[in-house]
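Structure, as structure tokens:
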């Protein structure tokens, strides 16, 4: 199966990988092509912008969380009907979960998918040194194919021509264009990264991104490099994610989805649907109550700290969720969802907002206490997520912590990519499990099945009239 593809990598974080990715997605889409986006690594924000630019949902790929087989299956599932796939890398090309190997890096993913690499360089303060940099990146791992270079933040065409000549002569790698600095085409950021697509720019912004590419990028040459991608030796014929057991009757899954709760792996939603979930999105910010007849709630991560006052003011929704829990409803919450279920949320400014209050703890934001990294959750008891001893992979990224935590039980313990213990995670209360870790269900596809089975078993115990 011929699947044209490119991986957009950077020399380091902050060089403009997302800008280049969005520009290409929008530009090729404007030509009438179906462009499938992907994001390397545990990221929820960039994929939202990918979707706005391309019109297609962006999928995550990750060497550590998923491994080569799942990465290839996920890629093929999403890319099979696309004309071209664009994969945005993470950090620098060779940065991953370890300083001495490639695991979890964009380079590892490029090799797993046989994807040519378009290397993004911030050329704003460079000249011939760019050739030395590209030469080093092309020779550090010869199995990673650097197909071309794009320079970012170049103000003058003369500067670009100088860089192009230096790199093509000194490193023998084609330079396929540049991006000019433009404040009107910039997405602002905050403590967890860029502003999300749900709260940011309209579709016209992404159209302008595509228009910006036509003057300074050689789109034909870039497309030709994507066409050179070779199939991997091992044939991958699956066109769907790992098969999971289907719950007999549909289970209505209420998924919180608005600017406060928008951090979800699309694979998680897809696997819930494959297992028999009927996904219904609702907004804790705007809706007065839960959707009628939901059997399980999925409260993902996001920015509840930004919208804490609005969440607090929506007392009918908070009461609806609390009543759902009291009646035995199943709730799966991650990070922001965990914070929302707490008694209160203390923001960066010290303001305290009342939350749902079903968990005996208070969430507190702190700019000095960032938690970031891959996580593997080992279940220490059988329950909502599966059998004791099972392992599920994911990641943590937050600036909050829990205080005044009462006597609670946990679903398991977490370790990082190097196997270092990071304590317990997954507060359990009745049929609620709330974690800081964002789990990737594809790493253990039985998780959505177990969640739906338990929710279905609880169906008859919930009096829907109490929260209708």
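The values are calculated or read from the model by the stated rules, or taken from the named source; none is laboratory data. No experiment lies behind these values; they were computed from the predicted model shown. Cβ sites come from the backbone with ideal geometry, for glycine too, and all protein chains shown count toward neighbours.
Tabulated results
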| read-out | value |
| --- | --- |
| Of the criteria (1) at pLDDT 95 or above; (2) surrounded by fewer than 22 Cβ atoms within 10 Å (Cβ to Cβ); (3) more than 23 Å from residue 277 (Cβ to Cβ), which one residue 428 fails | (3) |
| Residue list for the range 97-131, restricted to those being assigned to a loop (DSSP other than H, G, I, E, B), crowded, with 21+ Cβ neighbours inside 10 Å and touching a strand residue (DSSP E or B) at 6+ places or on another chain (Cβ under 6 Å) | 115, 116, 123 |
| Out of 13, 54, sole residue that is in the same structural domain as residue 112 (by TED's automatic domain parsing), closer than 24 Å to residue 442 by Cβ and within 17 Å of the chain's Cα centre (by Cα) | 54 |
| In the range 308-317, the residues that are in contact with a strand residue (DSSP E or B) (Cβ under 8 Å, 6 or more places away or on another chain) and either surrounded by fewer than 23 Cβ atoms within 10 Å (Cβ to Cβ) or in a loop (DSSP other than H, G, I, E, B) (or both) | 309, 312 |
| Unique residue being surrounded by 19 or more Cβ atoms within 10 Å (Cβ to Cβ) and more than 30 Å from residue 100 (Cβ to Cβ) when the list is 342, 353 | 342 |
| One residue from 358, 292, 325, 279 being surrounded by fewer than 24 Cβ atoms within 10 Å (Cβ to Cβ) and either in a helix (DSSP H, G or I) or assigned by TED's automatic domain parsing to the domain that holds residue 49 (or both) | 325 |
| Single match in 357, 373, 336 (criterion: within 17 Å of residue 435 (Cα to Cα) and in contact (Cβ under 8 Å) with a residue 60 or more places away in the chain) | 336 |
| Residue check for residue 134: assigned to a strand (DSSP E or B), outside the structural domain of residue 420 (by TED's automatic domain parsing) and modelled with pLDDT of 95 or more | no |
| Residue count for the range 362-389, restricted to those that are surrounded by fewer than 21 Cβ atoms within 10 Å (Cβ to Cβ) and assigned to a loop (DSSP other than H, G, I, E, B) | 11 |
| Yes/no for residue 255 being out of contact with any helix residue (DSSP H, G or I) (no Cβ under 6 Å at 6 or more places or on another chain), farther than 26 Å from residue 17 by Cβ and at pLDDT 80 or above | yes |
| Residue 47 vs. criteria modelled with pLDDT of 95 or more, more than 21 Å from residue 102 (Cα to Cα) and in contact with a strand residue (DSSP E or B) (Cβ under 9 Å, 6 or more places away or on another chain) | no |
| Extreme residue, surrounded by the most Cβ atoms within 10 Å (Cβ to Cβ), among residues of the range 79-96 that are part of a strand (DSSP E or B) and either over 16 Å from the mean Cα position of the chain (by Cα) or not assigned by TED's automatic domain parsing to the domain that holds residue 17 (or both) | 85 |
| Tally of residues being buried (at least 17 other Cβ atoms within 10 Å of the Cβ), out of contact with any helix residue (DSSP H, G or I) (no Cβ under 8 Å at 6 or more places or on another chain) and within 22 Å of residue 228 (Cβ to Cβ) across the range 132-177 | 3 |
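Results for (1) under 25 Å from residue 74 (Cα atoms); (2) out of contact with any strand residue (DSSP E or B) (no Cβ under 7 Å at 6 or more places or on another chain), shown as yes or no for each residue.
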{"position": "384", "(1), (2)": "no, no"}
{"position": "402", "(1), (2)": "no, no"}
{"position": "430", "(1), (2)": "no, yes"}
{"position": "447", "(1), (2)": "yes, no"}
{"position": "450", "(1), (2)": "yes, no"}
